[in-house]
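Working notes for the structure below.
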Amino acid sequence: MSEIASNAELNCQGLNCPLPILKTKKAVDGMQAGEVLKVTATDPGSVNDMPSWAKRTGNELIEHSEQGGVHTFYIRKK
Amino acid sequence: MAEPKKLAIIASQGTLDWAYPPFILASSAAAMDMEAVIFFTFYGLPLLKKEIDAKVSPHSNPAMPMKMPFGSKEFQNFNWPIPNFVSGNVPGFDSMATMLMKETFKKKGVATVEQLRGMCQEFGVRFIACQMTMEVFGFEKEEFIDGVEYGGAAMFLEYAADANISLFI
């Protein structure tokens, strides 16, 4: 797994839908264009929700990986 | 930027289970850069009160699973077969079921209704209270949270006419 440099991290582990998306939105709002946010989540729904959110908002989902039930997403703010 | 997509929701139910969908969908829509309006009418109106005291009623809900929020995973996943004469006649059964649901949701990391409502407001979701229902049920504006708009069917429809998604919940 490649380590992508991130400007901020958001821990959504243990949270269920729609909290990971809502918290991701808030975190991204506080960042600069081009910066990367790393989100970790255990909600299995986030696997499909995160790409949908990114597609709709125009932010880029750079990578998604999973290890031991923890999903890691890297998002670049548009 | 292109015109944002619009979501229009009518929230007509005031039980704890039905309180969730309007706030989940509206907050998620706002997080996805959409505009969202929730029109609260009939039994949905109390969801605007400062303190939400929504309950679940398993008696009228044959499909509702009765689960325990504690114990082993097997025990938690067990669906308790509660006969109708129990759910309908035992005093305090709704309160107990409400407590169990709240506890299960908390354990599973689901936000409270109040939390989701707060995030809706933070994200700019508009809340419209049905003026007619207020008159009929005797609600006062002072009972409701700040930032609520007041209007009727026409006010909702004016917005919903241009909405991409319209839901009656």
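Being outside any loop (DSSP other than H, G, I, E, B) and over 28 Å from B:Ile10 (Cβ atoms) is a description that does not apply to B:Ser166.
Of all residues in segment B:107-122, those that are more than 11 Å from chain A (Cβ to nearest Cβ) and over 16 Å from A:Thr24 (Cα atoms) have Cβ atoms under 9 Å from Cβ atoms of residues that are open to solvent by 70 Å² or more (accessible area, probe 1.4 Å) and not in a helix (DSSP H, G or I), 6 or more apart or on another chain, in B:Glu114/B:Glu51; B:Gln121/B:Asp146. Close Cβ contacts (under 9 Å, 6 or more residues apart or on different chains) running from residues in segment A:54-65 that are closer than 28 Å to B:Glu35 by Cβ and of a type in the set (Asp, Glu) to residues that are open to solvent by less than 60 Å² (accessible area, probe 1.4 Å) and outside any strand (DSSP E or B) comprise A:Glu60/A:Ala54; A:Glu60/A:Lys77.
Residue by residue, here is whether (1) touching a residue at least 40 places away in the same chain (Cβ under 8 Å); (2) under 27 Å from B:Lys106 (Cα atoms) holds:
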{"position": "A:Glu9", "(1), (2)": "no, yes"}
{"position": "A:Gln13", "(1), (2)": "yes, yes"}
{"position": "A:Ile21", "(1), (2)": "no, yes"}
{"position": "A:Thr24", "(1), (2)": "yes, yes"}
{"position": "A:Gly34", "(1), (2)": "yes, no"}
{"position": "A:Thr42", "(1), (2)": "no, yes"}
{"position": "A:Gly45", "(1), (2)": "no, yes"}
{"position": "A:Met50", "(1), (2)": "no, yes"}
{"position": "A:Val70", "(1), (2)": "yes, yes"}
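Only residues that are away from chain A (no Cβ under 14 Å) and either closer than 24 Å to B:Val86 by Cα or among the polar types (S, T, N, Q) (or both) were counted across segment B:7-61, and they come to 17.
One line per residue, one yes/no per condition, for (1) closer than 13 Å to B:Thr15 by Cα; (2) touching a Pro at 6+ places or on another chain (Cβ under 7 Å); (3) among the hydrophobic types (A, V, I, L, M, F, W, C):
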{"residue": "B:Ile52", "(1), (2), (3)": "yes, no, yes"}
{"residue": "B:Glu74", "(1), (2), (3)": "no, no, no"}
{"residue": "B:Trp80", "(1), (2), (3)": "no, no, yes"}
{"residue": "B:Val86", "(1), (2), (3)": "no, no, yes"}
{"residue": "B:Pro91", "(1), (2), (3)": "no, no, no"}
{"residue": "B:Ala97", "(1), (2), (3)": "yes, yes, yes"}
{"residue": "B:Ala111", "(1), (2), (3)": "no, no, yes"}
{"residue": "B:Gln121", "(1), (2), (3)": "no, no, no"}
{"residue": "B:Gly124", "(1), (2), (3)": "no, no, no"}
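The values are calculated or read from the model by the stated rules, or taken from the named source; none is laboratory data. Predicted model, so just to flag it, every value in this text is computed and none were measured. Here Cβ is always computed from backbone atoms with ideal geometry, including for glycine, and neighbour counts include all displayed protein chains. Surface areas here come from the heavy atoms of the whole protein model, side chains and all, with no ligands, DNA or RNA. Shrake-Rupley method; radii C 1.70, N 1.55, O 1.52, S 1.80 Å.
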